[in-house]
Amino acid sequence: MTQIHELSMIELATAIRTRELSPVAVTDHYVRRTQELNDQVGAFFTITAELAAEQAAEAEKAVAAADDPAGLPPLTGVPIPIKDLNMVAGVRHTLGSLAFEANVPHADDYVVAAIRKAGAVITGKTATPEFGLPCYTETKVGPPARTPWDLSRSAGGSSGGAAAAVAMGLAPAAQGSDGGGSIRIPSSVCGLFGIKPTRGRVSAGPLVPDLEGLGINGPIARTVADAALLLDVMAGNYPGDMYTQPPLPAGESFLGYASRSPGQLRIGRTMQPPVEGAEVHPDCVMAYEEALPA
């Protein structure tokens, strides 16, 4: 029998809207699993069990009251954790630093507000290195983030906690952010799909002006379709954003694009490591060559 944490984000959202699964039962499952397994992978700095329970109860009422549950927000009752570089109103916001260990914001970041609006349940704040700078996630705020595939190895960074959470089955998908690989590196070492969206596709507001536009919020998930739907939820601009992107054409979505055949593509590839003198592991070379014909 398939367990709740084995379902994709889209499967989970569908099961909730069709009333096959209860938002309260789903949230309880993920929170309990996180409490039991988090120390192994260091995915979460903060588990927001009470907030998640409140949001799950609201989602359950919304599903029960809906004449047509298909019209509910796309992530109604689906647990989605937030990286601890982003503000969640009333929840500790450390930025991976002991200097901010007691910091509690009074407002959501715009991307968090968008995730809430989509009906998601926030189960906690995921681990990040201090101020999101290194490509590993090891701090004094919590245990190091480890890839579940080999607990002796790092989950990468700076969205290491988010990737560890998804790979360990502590969340169906997660919000992350990426300036120089902070979504892509953890996704790679945790066997997930993550994408750094185009600059300006997702608002960085209201309080984090990135003058160069390098840092972008984006999704981490087990499937491309899940990441596409989460990006649909996260995308958008607000007054004051330093960088913006025009919205998709009417009726279009990233999930829709992900569902289409791409047709014939020309794909560039390289085995040249960016670090001088570095050697690519033979297992990576083998996977690289096997992926080309596929």
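The values are calculated or read from the model by the stated rules, or taken from the named source; none is laboratory data. Note that the structure is a prediction, hence the values are computed from the model and not measured. Positions of Cβ are generated from backbone atoms using ideal geometry, with glycine treated the same way; all protein chains shown enter the neighbour counts. For accessibility, only protein heavy atoms count, side chains too; no ligands or nucleic acids. Shrake-Rupley method; radii C 1.70, N 1.55, O 1.52, S 1.80 Å.
Some observations on this one:
- Residues being under 10 Å from the mean Cα position of the chain (by Cα), in a loop (DSSP other than H, G, I, E, B) and not aliphatic (A, V, I, L, M) - total across segment 171-221: 1
- Yes/no for S203 being over 20 Å from T139 (Cα atoms), crowded, with 23+ Cβ neighbours inside 10 Å and polar (S, T, N, Q): yes
- E252 vs. criteria over 30 Å from V111 (Cβ atoms), open to solvent by 60 Å² or more (accessible area, probe 1.4 Å) and without any contact (Cβ under 8 Å) to a residue 24 or more places away in the chain: no
- Conditions (1) part of a helix (DSSP H, G or I); (2) more than 19 Å from I220 (Cβ to Cβ); (3) acidic (D, E); number of the one not met by E11: (2)
- Residue pairs meeting the criteria (Cβ under 8 Å; at least 6 apart or on separate chains; first surrounded by fewer than 24 Cβ atoms within 10 Å (Cβ to Cβ), in segment 162-186; second part of a helix (DSSP H, G or I) and among the basic types (K, R)): G169/R33
- Qualifying positions in segment 187-196 - touching a strand residue (DSSP E or B) at 6+ places or on another chain (Cβ under 9 Å) and open to solvent by 10 Å² or more (accessible area, probe 1.4 Å): S188, V189, L192, F193, G194, I195, K196
- Test: residue in segment 48-69 that is farther than 29 Å from R17 by Cβ and in contact with a Pro (Cβ under 8 Å, 6 or more places away or on another chain): no
Conditions (1) open to solvent by 40 Å² or more (accessible area, probe 1.4 Å); (2) of a type in the set (S, T, N, Q); (3) touching a Cys at 6+ places or on another chain (Cβ under 6 Å); (4) touching a residue at least 24 places away in the same chain (Cβ under 8 Å), marked per residue:
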| site | (1), (2), (3), (4) |
| --- | --- |
| D67 | yes, no, no, no |
| M87 | no, no, no, yes |
| Y110 | yes, no, no, yes |
| E130 | yes, no, no, yes |
| P134 | no, no, no, yes |
| E138 | yes, no, no, no |
| A145 | no, no, no, yes |
